[in-house]
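Below you'll find the structure, written out as structure tokens, and then a few comments.
The values are calculated or read from the model by the stated rules, or taken from the named source; none is laboratory data. Just so it is clear, the structure is predicted and the values come from calculations on it, not from any experiment. Every residue, glycine among them, receives a Cβ derived from its backbone with ideal geometry; neighbour counts consider all protein chains shown. Just the protein is used for accessible areas: all its heavy atoms, side chains included, with ligands, DNA and RNA removed. Shrake-Rupley method; radii C 1.70, N 1.55, O 1.52, S 1.80 Å.
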Amino acid sequence: MPRMNVKTVLISGVGIGGPTLAFWLRAAGFEPTLIERAPGLRAGGFVIDFWGLGYDLAERMGLANDIERVGYHMRELRIVDERGERVAGFGTTVFHELTGGRFVTLGRSDLSRLLFEKIRGGTEVIFGDEILCLPQHADRVQVQFKHGNERSFDLVIGADGLHSSVRRLVFGSQDRFEKQLGYMVAAFEVRGYRPRDEDVYVIHSEPGRMLGRFALRDDRTLFLFVFAADVDRSPTMLDLPMQKALLRKMFGDGKWERARILGELSSTQALYFDRVSQVKMETWWRGRVALVGDAAFCVSLMAGQGSALAMTSAYVLAGELAKAIGRHEEAFGNYEMRLRAYISSKQKGAESFSTAFAPKTRWGLFLRNQVIKACAIPGLARLTFGRDIVDTLQLPDYGWSAIAT
Ligand SMILES: Cc1cc2nc3c(=O)[nH]c(=O)nc-3n(C[C@H](O)[C@H](O)[C@H](O)COP(=O)(O)OP(=O)(O)OC[C@H]3O[C@@H](n4cnc5c(N)ncnc54)[C@H](O)[C@@H]3O)c2cc1C
């Protein structure tokens, strides 16, 4: 490999994009260091549907068997009324058909753990710390950490999610880039909940509110809340009791299984709670600092592909850095050029889908259910989902095909 004058890369965030980037950077001969604000890998969050580029990358990283082992093959999406009776829904075989069987539903934390295990051992990882400031110099970035250390790195990458600190420190405050889609999302997990419907995603909706559950292995159940809200205060400013109080206010009318689910909420300490937002930036890099995943271009949960896109951006960034032999400006420019149009189309799709996901009016809800009913008709489901499921981007080949093995 030709000599590179750029070697050390600090990556902020050990979620999905962070460990993926570390994996590919290491493969290309760089020395990545990961830093994560939380004291350990973050658990919690809902399940994600995983296919296309994300699946391809997991395969290239040698994770195909693992994701099939820890994942689920959802059979049905079922919408129920307040008595729990099915009012609409469809079988999900269409997703398997469209992807040639390469479609799996995964716990977000399971994916994060599998990616982390791939880099554990050979990569420096610092938990429980974060970047306070990162002044850039001609030949390095001088990083000041919260817990006192100061170190210099050739490059710094923000993989620190929707509320990225690297983005704030280098590009400006969150509100300049965040576009709220008008919903909040919350998720948590319990053991022993009844009823269970294996491999079925069960949803109950009212105008502007949606509550779903999904049965996991080991007698666990995941719950997902999505509700319409114009929240100016950052949810990260709300503490856990305030987040729970807001969910009780929104879902406390006792319909369907809500009373039981809110009962379970009382004892959870691990609640994922956030705004449903997108991040839109004119550029994803400045000088020696770049962003990947949600930090750069969060597409929101409405796209159903945030994790795969975080992985894809990490892979492309590492590949371009390797190709440019560390000439970071050339690599960052190519990274952005390759992905921007693709990401914009995903953001547009997610924005239009958001109104269908948790419609705010009874009429909207009715229409949504009609569309879902229509998806039970063979052929129509393919037509409805085909465009969003089949990826228009091909993963660039950086000559790394043999790395997984
Ligand atoms: C706990 C959790 C649960 C989630 N649950 C869902 C869900 O149910 N549904 C959904 O659609 N999306 C969820 N997401 C978001 C989803 O995982 C991301 O959209 C997607 O995976 C993109 O990955 P990413 O690596 O860019 O960001 P993320 O997966 O969000 O990872 C970012 C990482 O950066 C860390 N971090 C944040 N700030 C700092 C800092 N200042 N310094 C260092 N590290 C920092 C975070 O703790 C996190 O580990 C969740 C994210 C998290 C962190």
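Answer with yes or no whether Phe127 is within 14 Å of the ligand (Cβ to nearest atom) and open to solvent by 40 Å² or more (accessible area, probe 1.4 Å). Judged against the criteria, Phe127 is a match.
Here the condition is being of a type in the set (Gly, Ala, Ser), open to solvent by less than 20 Å² (accessible area, probe 1.4 Å), within 14 Å of the ligand (Cβ to nearest atom) and out of contact with any Ser or Thr (no Cβ under 6 Å at 6 or more places or on another chain); of Ala58, Ala28, Ala88, it holds for Ala58 alone. Pairing residues of the stretch 35-62 that are assigned to a helix (DSSP H, G or I) with residues that are more than 10 Å from the ligand (Cβ to nearest atom) and polar (S, T, N, Q), at Cβ distances under 8 Å and at least 6 apart in sequence or on separate chains, gives Gly52/Thr99; Leu53/Thr312; Gly54/Thr312; Tyr55/Thr99; Leu57/Thr312; Arg60/Ser401. Against the list (1) modelled with pLDDT under 95; (2) open to solvent by 40 Å² or more (accessible area, probe 1.4 Å); (3) not in a helix (DSSP H, G or I), the condition Glu97 fails is (3).
Looking at (1) open to solvent by 10 Å² or more (accessible area, probe 1.4 Å); (2) over 16 Å from Ala358 (Cβ atoms), which is the one condition that is false for Met250? If we test Met250 against (1) open to solvent by 10 Å² or more (accessible area, probe 1.4 Å); (2) over 16 Å from Ala358 (Cβ atoms), just (2) comes out false.
Glu36 satisfies every condition listed in (1) crowded, with 23+ Cβ neighbours inside 10 Å; (2) charged (D, E, K, R); (3) in contact with a helix residue (DSSP H, G or I) (Cβ under 6 Å, 6 or more places away or on another chain) except (3). When the strands (runs of 3 or more DSSP E) confined to the stretch 150-193 are screened for residues that are among the small types (Gly, Ala, Ser) and touching a residue at least 40 places away in the same chain (Cβ under 8 Å), those reaching at least 3 such residues are found at 178-191. Please verify whether Thr33 is polar (S, T, N, Q), under 17 Å from Gly212 (Cβ atoms), touching a strand residue (DSSP E or B) at 6+ places or on another chain (Cβ under 8 Å) and within 16 Å of the ligand (Cβ to nearest atom), treating the condition exactly as stated. Here the answer is no, as Thr33 does not meet what is asked. For Gln144, the conditions (1) surrounded by 21 or more Cβ atoms within 10 Å (Cβ to Cβ); (2) free of Cβ contacts under 8 Å to residues at least 60 places away in the same chain all hold with the exception of (1). Inspect all residues belonging to the stretch 68-85 and state whether any of them is open to solvent by less than 10 Å² (accessible area, probe 1.4 Å) and within 10 Å of the ligand (Cβ to nearest atom). Within the stretch 68-85, none of the residues are open to solvent by less than 10 Å² (accessible area, probe 1.4 Å) and within 10 Å of the ligand (Cβ to nearest atom).
Output the residue which, of all residues in the stretch 151-210 that are among the small types (Gly, Ala, Ser), within 26 Å of Glu130 (Cβ to Cβ) and surrounded by fewer than 22 Cβ atoms within 10 Å (Cβ to Cβ), is nearest to the ligand (Cβ to nearest atom). The extreme case among them is Ser165. Of all the listed residues (Arg258, Arg286), the sole one being over 17 Å from Glu178 (Cα atoms), more than 10 Å from the ligand (Cβ to nearest atom) and surrounded by fewer than 15 Cβ atoms within 10 Å (Cβ to Cβ) is Arg286. Out of Arg140, Arg120, Arg102, Arg108, report the one residue that is within 12 Å of the ligand (Cβ to nearest atom) and basic (Lys, Arg). Residue meeting the stated conditions: Arg108. Only one residue in Leu301, Leu309, Leu339, Leu317 is of a type in the set (A, V, I, L, M), within 9 Å of the ligand (Cβ to nearest atom), modelled with pLDDT of 95 or more and touching a Phe, Trp or Tyr at 6+ places or on another chain (Cβ under 9 Å), so which one is that? Step by step, each of Leu301, Leu309, Leu339, Leu317 is checked, and only Leu309 is of a type in the set (A, V, I, L, M), within 9 Å of the ligand (Cβ to nearest atom), modelled with pLDDT of 95 or more and touching a Phe, Trp or Tyr at 6+ places or on another chain (Cβ under 9 Å).
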